[in-house]
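Single-structure report; data block below.
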Amino acid sequence: MEINVLPLGQLGTNCYIFHQKGSSKCGIVDPGDQGEQLAQWLKNRGLEPEAILLTHGHFDHILGIPGLRTAWPELPIYCHPADFGAGETTNLFGQRFPTASSFGNVTPYREGDRVTVAGVELEVLETPGHTPGSVTLRAGDTLFTGDTLFAGSMGRTDFEGGRGEDMKASLRRLAELEGDYQVLPGHEGQTTLEQERKTNYCIHMAMRG
């Protein structure tokens, strides 16, 4: 599996594009913003997305969807149902933003579900805390952790729907996975799970209960 990362939007959300070597089919994790720019980037490389997979429903992870849908109108979206959002918009930072459900053609996925996109199988791990429907997507030796686990940190829990105790449980769960993984978070740089087990203060605190 080959993975590219594009930081998109004003918050620099990491959008990940994955595909099998030699294949034109790809999957997209968290399309951030600037969907038209992302669509052009894909076309320039001869890539065609099969699906969008969301780690959670916050605006900075989903605003690229309309631009992608302009190019590929039937492009499906996967999201945990707890993060679909109620209605067409939601409020964050005092502004109104679209919900994941407002885009239509959204398929729910939950704990233990396995989704194959562009020849890559991804397993859904429920990791709430940042939002009720936050998930980590496991693909081979890679974890797309969204805004749950960052390099040296964790996602905020003070937004609506966030919960500190859930975040602690999610961090413990990730830390207790067997073996090592490449960790691809929703913001800033990538890391490894073993590195975070050794150095991440948030994981250390979570493991203490």
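The values are calculated or read from the model by the stated rules, or taken from the named source; none is laboratory data. Everything quoted here is computed from the prediction, not taken from an experiment. As a convention, Cβ positions derive from the backbone with ideal geometry for all residues, glycine included, and neighbour counts pool all protein chains shown. The protein model used for the area step is the full one, side chains on, heavy atoms only, and it has no ligands, DNA or RNA in it. Shrake-Rupley method; radii C 1.70, N 1.55, O 1.52, S 1.80 Å.
The table below gives the values:
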read-out	value
Protection proxy ranking, peptides 149-157, 168-176, average beta carbon neighbours within 10 Å, highest first	149-157, 168-176
Å² of accessible area per residue within the chain, as computed with a 1.4 Å probe and no ligands counted	44 Å²
Whole-Hz couplings from phi, Karplus 6.51/-1.76/1.60, listed for the stretch 192-209; x for Gly and Pro	10, 5, 5, 4, 5, 4, 7, 10, 7, 4, 5, 5, 4, 5, 5, 5, 7, x
Cross-link reach list, lysines versus K168, counting only Cα pairs under 25 Å and skipping chain neighbours closer than eight places	K198
Within-10-Å neighbourhood charge of P132 [Cβ basis; K, R +1; D, E -1]	-3
Theoretical gain in end-to-end length, E36 to Q182 [0.36 nm per residue, Cα-Cα removed]	49.7 nm
Backbone HN-Hα couplings from phi across the stretch 50-59 [Karplus 6.51/-1.76/1.60, Hz, Gly and Pro as x]	9, 6, 10, 10, 9, 7, 6, x, 5, 3
With every protein chain in place, the chain: carbon and sulfur % of accessible area (1.4 Å)	46 percent
Inter-part distance where the stretch 19-57 and the stretch 80-94 are each reduced to a Cα centre, Å	23 Å
Reach of K21 by Cα under 22 Å, taken over lysines that are not fewer than 8 positions away in the same chain	K43
Helical contribution to [θ] at 222 nm, DSSP H n ≥ 4, -39,500 (n - 2.57), averaged over the chain, rounded to 500	-6000 deg cm²/dmol
On Cα atoms only, tilt of 164-175 relative to the major axis of the chain in degrees	90 degrees
Positive-end residue of N44, L75, G209, charge dipole of the chain with Cβ unit charges	N44
The stretch 68-151: GluC sites (Glu not before Pro) in DSSP coil with no more than 16 other Cβ atoms inside 10 Å	E74, E88, E111
Crossing angle, helix 35-44 versus the chain [Cα axis fit, 0-90 degrees, rounded to tens]	70 degrees
Check: the stretch 123-169 dipole with +1 on Lys, Arg Cβ and -1 on Asp, Glu Cβ, in debye	80 debye
Charge dipole magnitude, Cβ of K and R +1, D and E -1 - the stretch 70-209, Cα centre, debye nearest 20	320 debye
